[in-house]
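In what follows, a structure is listed as structure tokens, so that the remarks can point back to it.
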Amino acid sequence: MKFENTETWGFEHALRGMRNPKNSWNKSDSYFNITDDYDEGVLDVANAWVYQNHPERNRHEDTKEFFDLEDKYCDWLITEGVLKESKDYQYRDNAFIGPNDMKLAQTLIKAGPEHRKFLRQIFVSVDITAPLYFFK
């Protein structure tokens, strides 16, 4: 059995939708459609995350604390946060699920079927090549 051309989509809508019940969209820290050079895109997202989650740091952008937070989140994005990266070298489409959204998603999933319904908005498509007897 061979699985090819796997694609997923709807993450952005699902993550936004999971925040609807409590009107907590302002706590979202995921970023989508970053179409920049990969390394620059990660740095831009990390910078935006520090601004959003630590507003007191905005005035002190050149401090060691700011750069430490930015580096910490940058490392997290590189190891944990990449959701999709386009294979086309000319156009890179990166998406990152931030720690706040990841924590909420995991909490809702563990809470049971009535709480994890946001997952229904994530779609998966795959081509399956298999012998005919698999489908009888």
Would you confirm whether any residue within region 36-52 is over 24 Å from residue 119 (Cα atoms) and at pLDDT 75 or above? no
Checking the structure you have, find out if any residue of region 128-136 is of a type in the set (A, V, I, L, M, F, W, C), within 18 Å of residue 26 (Cβ to Cβ) and in a strand (DSSP E or B). no
Among the residues of region 108-136 satisfying the criterion of being surrounded by 10 or more Cβ atoms within 10 Å (Cβ to Cβ) and of a type in the set (Val, Ile, Thr), which is nearest to the chain's Cα centre (by Cα)? 122
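The values are calculated or read from the model by the stated rules, or taken from the named source; none is laboratory data. All values derive from a computational prediction rather than experimental measurement. In this analysis, Cβ positions are derived from the backbone assuming ideal geometry, glycine residues included, and neighbour counts consider all displayed protein chains.
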